[in-house]
Amino acid sequence: MAEEEDPGPLNSLPRDLRGPLEMDDSDEEPDNFQDAAEEASDENTNLQMALADCEMAIKRFFNNDMETAMEIMKSRSSSSIYHSLGVSIFEFIPAVLTLDSAQVGRAIQSLKTTVHLCNQHRRSYTIMQTIGTMIVKTNYATMTDLEAHAELCFAESMLLQAALCVIEGEDIAAFLRAAMKIKNSYNTYKECSRILEKKAWESVESRQHFHSGVRLGLATFNIMIALLPARIITLLEYVGYSGDKEAGLAELQAGARQPGLRGVLCEIVSLGIHLVVSHFAGATPNLHQCREIIDAQLKVYPEGVWFLLFEGRLELLRGRCALAAATYRRVAETRHLWPQLRHLCYWELMWASAMMMDWRTAAEFAGRLIEESTWSRTMYCYAKAALLLQLGEECTSAERNHVVDLLKAAPLYRQKIAGKSLPMEKWVIKRCTRYSAQGGRLMMPAMELLCLWNMMSALAADVPTLQSLLKKIDYASEVLERDEKLWPPALMSDNRALIFYLRGCCLSALGMQLLAIQQFENAVALKNMIKTDTFLVPYALYEAATCHYNLGEVNRAVRMWQDARKSYSNYSLESRLQFRLHSKLEMAQNNAQTQAGRSLPTKSLPSVSPKLVRKN
């Protein structure tokens, strides 16, 4: 970039705010114009080179050449906003996958560097200019492409920093810092949407890359806000934020179809929403759309582990567990794979094996996670113990001794994020205590995990497996009643309620809705006698309502979902169920509007999500 002498306070103002006195300068004015033109040209050239490097790094990354991708980003990370952001993202991903404090610290430091660099290139305003924008709208036409992209990279960096603040912090201050960064990111993305519409762009490619970034950011905000439980959405709407899931998904589709640096990232986010987030929240994922995205991307990246991971997930949710397991094994054997991605394969292989009732193989993968992964060893220890206990009479004495050791070790690995214990780990520790209280036994522990992880719906296509699981539940119920004296009397109602709940989930997956409803009603009828497993009542109510909905009894289902949401609180795994309740109620509302012919008019895909605006 060409160096200039200090042009003085007037010429330091943005072009749209300079007054007529500028034109009365001395003979040096033409030189200033020439220098400014040269500087703008240099900036544009450097930006285009940075965007080209990022495109190359993305291709390398999705072709599993992560080291080369990182080297490309590091080459100019001290001077280029995009190179710096790329390095930060490569530090952020393993930080989130491992929760390792050292890695989180490196990611935070890298993002601080990126934010500092973005601030150097963002358009600066004096106090008087900032006050002026309250009266006269900002003139984006004169903003340079580099200044615009600096805003976009700043918004992305703020969002990543917010996530790390939650992971790193251990008190309310961490949440407040994260909230401020999210707000800053949200507002900057809105600013970027205005820039997109008003700015005169120096190149078509620069606008395309910027456009894809705005789509990705606003779409993600839209979807994630819309998926939050009702009580949180009410608070967000009060302070001025709202989300629209369908608009967000449409934006991701549009961002993926159009050229732009973040087009492939729009597809990654879309797959994550459908195959991970929607499944967790109990929503119905668009598996057909996911299949199309994966097929198209695997033609470009045939060995790309990220899309193979999603392919495995897609097969898992379709109940094709053997195909899913084969895909995950293929990914796990990839050379130079990040250890965290291999651990993710082990996690999914554990579930796929459990869904095929291959309890020992599933326990083997849980054991690998205990040895290699630090994400949640408490969960891994309990999962392995539960899978071994599911063997029942086939469990050897050595395996039973190992189960005892695992359940003793599980509470020792308990961790906190943002000063809070993980809900699932809290539940696991209660189950470890329950094992001792019941004289070294648990009721269908692996089956319980499958239900809580919403895996029964994925097994709907595998009728033989569901029938085998149903037989195991019936046998466990017979043993419970036959050997009643061996179980603590105080916990008998808890175990009976669990049996009813598990049987109901299995019957529901088999399509036997009326029989399933009866089982869930039996579980709810025990609510006054349940001592510790109080979560079973709202969970059973939720499942019963889903059965009524599947039978076409929509109004009854909605009332039951609302009852489960409002009438029960302070139970284990409450937030997990709240996400699912919100998702079901939203689904029912959307379907009712469509059937009544009162659905919202179809909109052409805009450049930004229409609903994601700050309310005055």
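Some points to look at:
- Per-region count, region 419-472, residues of a type in the set (S, T, N, Q) and within 25 Å of the chain's Cα centre (by Cα): 3
- Each residue in region 519-536 was checked for being among the polar types (S, T, N, Q) and open to solvent by less than 50 Å² (accessible area, probe 1.4 Å), and 1 pass.
- Filtered residues of region 379-413 (kept if part of a helix (DSSP H, G or I), of a type in the set (Ser, Thr, Tyr) and either at pLDDT below 95 or surrounded by fewer than 19 Cβ atoms within 10 Å (Cβ to Cβ) (or both)): Ser397, Tyr413
- Residue list for region 414-428, restricted to those being hydrophobic (A, V, I, L, M, F, W, C) and open to solvent by less than 30 Å² (accessible area, probe 1.4 Å): Ala418, Met424, Trp427, Val428
- Cβ pairs under 6 Å, 6+ apart, first in region 200-223 and outside any helix (DSSP H, G or I), second at pLDDT 90 or above: Trp201/Arg207; Glu202/Asp145
- Counted residues, region 77-131 - those being more than 19 Å from Glu151 (Cα to Cα), hydroxyl-bearing (Ser, Thr, Tyr) and at pLDDT 85 or above: 0
- Selection from region 98-115 of residues that are of a type outside the set (D, E, K, R), touching a residue at least 24 places away in the same chain (Cβ under 8 Å) and open to solvent by 60 Å² or more (accessible area, probe 1.4 Å): Ser101, Thr113
- Enumeration of residues in region 134-160 that are among the polar types (S, T, N, Q), open to solvent by 20 Å² or more (accessible area, probe 1.4 Å) and modelled with pLDDT of 80 or more: Thr142
- Scanning region 73-86 for residues that are open to solvent by 20 Å² or more (accessible area, probe 1.4 Å) and not in a loop (DSSP other than H, G, I, E, B) returns a single hit, Lys74.
- There is at least one residue in region 510-518 that is modelled with pLDDT of 95 or more, under 20 Å from Gly282 (Cα atoms), of a type in the set (A, V, I, L, M, F, W, C) and open to solvent by 60 Å² or more (accessible area, probe 1.4 Å).
- Residue pairs meeting the criteria (Cβ under 7 Å; at least 6 apart or on separate chains; first over 14 Å from His274 (Cβ atoms) and of a type in the set (Val, Ile, Thr), in region 299-321; second modelled with pLDDT of 95 or more and part of a helix (DSSP H, G or I)): Val305/Val331
- Residue list for region 322-366, restricted to those being modelled with pLDDT of 95 or more, over 12 Å from Ala446 (Cα atoms) and of a type in the set (Phe, Trp, Tyr): Tyr328, Tyr346, Trp347, Phe365
- In region 441-500, the residues that are aromatic (Phe, Trp, Tyr), surrounded by fewer than 20 Cβ atoms within 10 Å (Cβ to Cβ) and not in a loop (DSSP other than H, G, I, E, B): Tyr475
- Residue check, Asn528 among the polar types (S, T, N, Q) and assigned to a helix (DSSP H, G or I): no
The values are calculated or read from the model by the stated rules, or taken from the named source; none is laboratory data. Model, not experiment: these values are computed from the prediction. Reconstructed Cβ throughout: ideal geometry from the backbone, glycine too, with neighbour counts over all protein chains shown. The area values use the complete protein model at the heavy-atom level, side chains included, leaving out ligands, DNA and RNA. Shrake-Rupley method; radii C 1.70, N 1.55, O 1.52, S 1.80 Å.
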